[in-house]
Amino acid sequence: MDKYINIIQDSYSGYWRYLKYELISINHWDNYFYGLIVISLMVWGLEITFPWRKNQPIFRKDFWLDTFYMFFNFFLLNLIVLIALSNTAEEIFNDILAIFGLSIENIQLFNVNKLPKAVGLFIFFIVSDFIQWNTHRLLHRFPLLWDFHKVHHSIKEMGFAAHLRYHWMEPVLYKSLLYLPIAIIGGFNVQDVVLVHFFAITIGHLNHANLGWNYGPLKYILNNPKMHIWHHAKELPPNSIYGSNYGITLSIWDYLFKTDYIPYNGRDIELGFEEDEKFPKHFIDQELYPLNKKDK
């Protein structure tokens, strides 16, 4: 038990040092903090220059709430919960393998470091995006998980920062389900993976932005604003009570598994979910939902 306590303590101190490094040392290209700011400003600039909904204010409804969510979820949530949880879970998993005389290297299908860098990154991207697509689908299918996911679907006007409005339980689920498959294919260089994360952040920001783009023929591969807005539609598809368009970065999974739905131009559809007017409007209340949920 002392070992796990030490891991948690080291995780907090290590991540705190990392945060200070990200804030102070700006002269490295893989800086997550300033990378997020640059991507956000670029996509916001596109929203302002090419707005899809012309009457939507630049500082739309919940703009500042979503901006706070963006930095809280991307940085502070890791400090509070995720980094310690992730490191402890990894050690527990390794200890379980050790009971059977195994190590993580024994169950790896292959080591991507032995492949060309581009191939390794592509495998990481495809595997992680597919797992996240499936995880997202589960968030809509199970009532308890849907209660957590309602935070994201409480968005009433789309904008780039809405991308990272989500309940603190979501990354716990995403990281838990993603850990094993990524561990099995293993051997990823952290700095290289930054490229994949920056690409995913950019596509996610664009998906939620006030932009009327679908990327032409690439819409069958890449998720896009005209597709993703239907994921946030208040009125559900007639053939699915769980919604549609679960794609994170890629849209191809929805087309392959028949969960795509774009009946017409969705620029002016109502966003949200049934009885969303009763959903908490403030950060703390949303973060405590559904723990403090009151049945009506």
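Would you check which residues across region 49-70 are without any contact (Cβ under 8 Å) to a residue 40 or more places away in the chain and closer than 30 Å to LEU19 by Cβ and list them? Across region 49-70, the qualifying residues are ILE58, PHE59, TRP64. State which residue is nearest to the chain's Cα centre (by Cα) when the search covers only region 101-119 and only residues that are more than 23 Å from VAL196 (Cα to Cα) and of a type in the set (Gly, Ala, Ser). So, considering only residues that are more than 23 Å from VAL196 (Cα to Cα) and of a type in the set (Gly, Ala, Ser), the one nearest to the chain's Cα centre (by Cα) is SER103.
Of the residues in region 227-243, none is touching a Gly at 6+ places or on another chain (Cβ under 9 Å) and closer than 23 Å to ILE123 by Cβ. Taking LEU79, is it modelled with pLDDT of 85 or more, in contact with a helix residue (DSSP H, G or I) (Cβ under 9 Å, 6 or more places away or on another chain), open to solvent by 30 Å² or more (accessible area, probe 1.4 Å) and not hydroxyl-bearing (Ser, Thr, Tyr)? Answer is no for this residue. Of the listed requirements (1) of a type outside the set (Val, Ile, Thr); (2) out of contact with any Lys or Arg (no Cβ under 6 Å at 6 or more places or on another chain); (3) open to solvent by 20 Å² or more (accessible area, probe 1.4 Å), GLY35 misses just one: (3). Please determine whether any residue of region 135-148 is within 24 Å of ASP62 (Cβ to Cβ) and polar (S, T, N, Q). The answer is no; no qualifying residue exists. Exactly one residue out of PHE71, PHE33 is of a type in the set (Phe, Trp, Tyr), in contact with an Asp or Glu (Cβ under 8 Å, 6 or more places away or on another chain) and at pLDDT 80 or above: that is PHE33. Can you find even one residue in region 189-202 that is of a type outside the set (Ser, Thr, Tyr), over 16 Å from ASN134 (Cα atoms), free of Cβ contacts under 8 Å to residues at least 60 places away in the same chain and buried (at least 19 other Cβ atoms within 10 Å of the Cβ)? Checked region 189-202: no residue is of a type outside the set (Ser, Thr, Tyr), over 16 Å from ASN134 (Cα atoms), free of Cβ contacts under 8 Å to residues at least 60 places away in the same chain and buried (at least 19 other Cβ atoms within 10 Å of the Cβ).
The values are calculated or read from the model by the stated rules, or taken from the named source; none is laboratory data. A quick note: this is a predicted structure, and the numbers were derived from the prediction, not measured. Note that each Cβ is placed from the backbone with ideal geometry, even for glycine, and that neighbours are counted across all protein chains shown. Accessible surface areas use protein heavy atoms only, side chains included; no ligands, DNA or RNA. Shrake-Rupley method; radii C 1.70, N 1.55, O 1.52, S 1.80 Å.
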